[in-house]
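Below: one structure, written as C-alpha cells.
The values are calculated or read from the model by the stated rules, or taken from the named source; none is laboratory data. All values derive from a computational prediction rather than experimental measurement. Neighbour counts are summed over all protein chains in view; Cβ atoms, including those assigned to glycine, are modelled from backbone coordinates with ideal geometry.
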Amino acid sequence: MLLGRAEDSDTLSGRAFIWPELLSYASSHLWLGYGYESFWTAGRIDQISSTLGWGLREAHNSYLEIVLWLGITGLMLLLINVMAGLLASIRQWRTTDDSVCLLPAGMIVFGLINAGCESGMVVVSLVPFLIGCLLMKLALFCPAGAISDARA
C-alpha cells in the first residue's frame with residue numbers, strides 16, 4: 001500500500017493526521033457538503049496546511065473528498081451507482097459466460113480499494129474514465145445472446 005516507502009508508514013505517509021482534521025470540517029456540513037469541488041478554497045488550504053505543518057490540497061481519500069463536496073447524501077448516491085455498475089457487470093458475465101464482462105467489475109473493485117488512500121478516483125483521470133466507458137458499453141451494447149436469454 002505504501003509502494004515500498006518506509007518513512008511515515010505508521011501514519012500512512014501522514015494521512016492519519018489529515019483525515020481527523022478534515023472530518024471536523026465535514027461534520028459542520030455533513031448531509032450536503034460544501035458543494036461540488038467547492039471545499040478546497042485558498043483560505044481553507046492555507047488554514048489546513050498551517051495546522052498540519054505541510055502543504056495540502058486534497059483529502060487523500062476519495063470517500064472523505066466526496067463527503068466534503070457532497071455530504072453523506074452524495075456519498076451514498078455515488079456508492080449506490082457504483083454497486084449498480086458492479087452488479088451489472090457480474091450479471092452480464094453470468095448471462096453471457098464471457099469473462100471480458102468481468103473487466104469492469106475488477107476495475108470497480110480496484111477503484112473502491114484505491115479510493116481509501118487517494119482522491120484520484122473522484123476526478124476525471126484514466127481509470128475512472130475507463131470504468132465509465134466499460135459501464136456504458138455494458139449498458140448500451142447488450143450481446144445478442146443476452147437478449148434471447150432475457151426473453152426466455
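Could you grab me the full set of residues in the range 94-134 that are in contact with a helix residue (DSSP H, G or I) (Cβ under 6 Å, 6 or more places away or on another chain), at pLDDT 85 or above and of a type in the set (Gly, Ala, Ser)?
Listed by number, the residues that qualify are Ala105, Gly111, Ala115.
Please work out if Met76 is within 18 Å of Leu112 (Cα to Cα) and at pLDDT 90 or above.
Values: within 18 Å of Leu112 (Cα to Cα): yes; at pLDDT 90 or above: yes.
Here the answer is yes, as Met76 does meet what is asked.
Name the residue that is farthest from Ser24 (Cα to Cα), counting only residues in the range 35-55 that are out of contact with any helix residue (DSSP H, G or I) (no Cβ under 9 Å at 6 or more places or on another chain) and not in a loop (DSSP other than H, G, I, E, B).
Restricting to residues being out of contact with any helix residue (DSSP H, G or I) (no Cβ under 9 Å at 6 or more places or on another chain) and not in a loop (DSSP other than H, G, I, E, B), the top hit is Ala42.
Counting only residues that are closer than 20 Å to Asn114 by Cβ and modelled with pLDDT of 85 or more, how many does the range 3-22 have?
Number satisfying all stated conditions: 3.
Scan the range 71-97 and report the pairs whose first residue is touching a residue at least 24 places away in the same chain (Cβ under 8 Å) and among the hydrophobic types (A, V, I, L, M, F, W, C) and whose second residue is surrounded by 12 or more Cβ atoms within 10 Å (Cβ to Cβ) and not in a helix (DSSP H, G or I), with Cβ atoms within less than 7 Å and a gap of 6+ or a chain change.
Listed pairs, sorted by first residue: Ile72/Leu30.
Would you point out the residue of the range 23-61, among those that are at pLDDT 90 or above and on the phi > 0 side of the Ramachandran plot, that is surrounded by the fewest Cβ atoms within 10 Å (Cβ to Cβ)?
Gly35
How do the pairs read when you match residues in the range 31-51 that are without any contact (Cβ under 8 Å) to a residue 40 or more places away in the chain and within 14 Å of Leu68 (Cα to Cα) with residues anywhere that are outside any helix (DSSP H, G or I) and of a type in the set (Asp, Glu), using Cβ under 8 Å and keeping only pairs 6 or more apart or on different chains?
Filtered contacts from the range 31-51: Trp40/Glu58.
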